[in-house]
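Asks: Once you've had a glance at the structure underneath, I'll fire off some questions.
The values are calculated or read from the model by the stated rules, or taken from the named source; none is laboratory data. All values reported here derive from a predicted model rather than from experimental measurement. Cβ: placed from backbone, ideal geometry, glycine included. Neighbour counts: every protein chain shown.
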Amino acid sequence: MNLVVRSSVISLLALGAPASADITGNYVGLNNAMTLKIEVASNGDVRGATSNPNSYFITHDGHGYIIQASFNGPAVMRVEDMATVMAEQMKKMMPNLPADKGKDAPAWRLVKGGVVTIRGRQGIAYYSGKETSGAPIGEPIVVISTDPQLAPLGAAMAHQFDMSVAMMGQVLGDSNPFKNMQEILKTGAPLVFTGMQLDAISEDTIPAARFALPAQPLKLEDVRKNMGVPAQ
């Protein structure tokens, strides 16, 4: 998966959560090498940023945006426009790819395990599979908590993954090998996700300005340029 797509998948926590108190979740990767900060407002707006200082994402009024630093100031791109550009590029690279190109993609089914503790919080672990002995294979792919305090964070994460799947659907067609993961994420808040662990949360009020777009969204042709696509 190339850097642009990977960054988008990780970053697209970009649909709102149900109304509740503000909450901020801080995720960390192995040896704290990567961080992910998710801020969820009481009105459902979301802002997220990784340890990469040059990009972040915002959901405002239910619409998702990726914001990237550029020489001309912040470049604001609609998620659906980015998906359109990705689909266009796929069609150019593989013009003979059939419309049902994703139908043979294997489903990504996770195996439910037991309760585990992640940084002091308990959740249900899901693994990539099980050994013949019944023991889970490797480390959990995702761990889900049903703690009501984390519910807004969980809703935001579930919507993020839905948007990521929809974005990839523009490229892969109607097939959805990630349906099982979507169903799992709708059951609670992830304590482990994409190799990152929930480290700390805060329920401090988040200023509304954190969820404001820093500039007008780019037009589609400018999104193409920003994503390195030659002019049509």
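Asks: Taking into account only those residues within segment 89-119 that are under 24 Å from Gln197 (Cα atoms) and modelled with pLDDT under 90, which is farthest from the chain's Cα centre (by Cα)? Before you say what the answer is, go through the steps one by one.
Replies: First, the residues of segment 89-119 that are under 24 Å from Gln197 (Cα atoms): 108-119.
When the remaining residues are screened for being modelled with pLDDT under 90, the result is 108-109.
Values: Trp108: 17, Arg109: 18 Å.
For segment 89-119, the residue satisfying everything is Arg109.
Asks: I'd like the residue in segment 73-88 that is surrounded by 16 or more Cβ atoms within 10 Å (Cβ to Cβ) and over 18 Å from the mean Cα position of the chain (by Cα) and, out of all such residues, is modelled with the lowest pLDDT.
Replies: This residue is Ala87.
Asks: Working only within segment 153-194, note down all residues that are assigned to a loop (DSSP other than H, G, I, E, B) and touching a Gly at 6+ places or on another chain (Cβ under 6 Å).
Replies: Kept after step one, since they are assigned to a loop (DSSP other than H, G, I, E, B), are these residues of segment 153-194: 173-178, 186-188, 194.
Result: Gly173, Ser175, Gly188.
Asks: Starting from segment 185-210, keep only residues that are exposed (fewer than 13 other Cβ atoms within 10 Å of the Cβ), then list their pairs with residues that are assigned to a strand (DSSP E or B) and small (Gly, Ala, Ser) whose Cβ atoms are within a distance under 8 Å, requiring at least 6 positions of separation or different chains.
Replies: Ala200/Gly25
Asks: Among the residues of segment 123-133, is any among the aromatic types (Phe, Trp, Tyr) and assigned to a loop (DSSP other than H, G, I, E, B)?
Replies: Within segment 123-133, the first condition is being among the aromatic types (Phe, Trp, Tyr), and the residues that meet it are 126-127.
From what's left, assigned to a loop (DSSP other than H, G, I, E, B): none.
Looking through segment 123-133, none of the residues is among the aromatic types (Phe, Trp, Tyr) and assigned to a loop (DSSP other than H, G, I, E, B).
Asks: Also: How many of the residues in segment 162-214 are over 14 Å from Trp108 (Cβ atoms), at pLDDT below 80 and not hydrophobic (A, V, I, L, M, F, W, C)?
Replies: Qualifying residue count for the region: 4.
Asks: Which members of segment 120-142 meet the condition of being more than 9 Å from Val192 (Cβ to Cβ), of a type in the set (A, V, I, L, M, F, W, C) and either touching a residue at least 60 places away in the same chain (Cβ under 8 Å) or surrounded by 10 or more Cβ atoms within 10 Å (Cβ to Cβ) (or both)?
Replies: Within segment 120-142, Ile124, Ile137 qualify.
Asks: Looking at Asp199, Asp162, which one is within 19 Å of Phe57 (Cα to Cα) and of a type in the set (Asp, Glu)? Steps first, please.
Replies: On the way: Asp199 fails: within 19 Å of Phe57 (Cα to Cα).
Only one candidate qualifies: Asp162.
Asks: Does segment 22-62 hold any residues that are acidic (Asp, Glu) and touching a Lys or Arg at 6+ places or on another chain (Cβ under 6 Å), and which are they?
Replies: Here is the first cut: in segment 22-62, the residues acidic (Asp, Glu) are 22, 39, 45, 61.
Glu39 - this is the single residue of segment 22-62 that is acidic (Asp, Glu) and touching a Lys or Arg at 6+ places or on another chain (Cβ under 6 Å).
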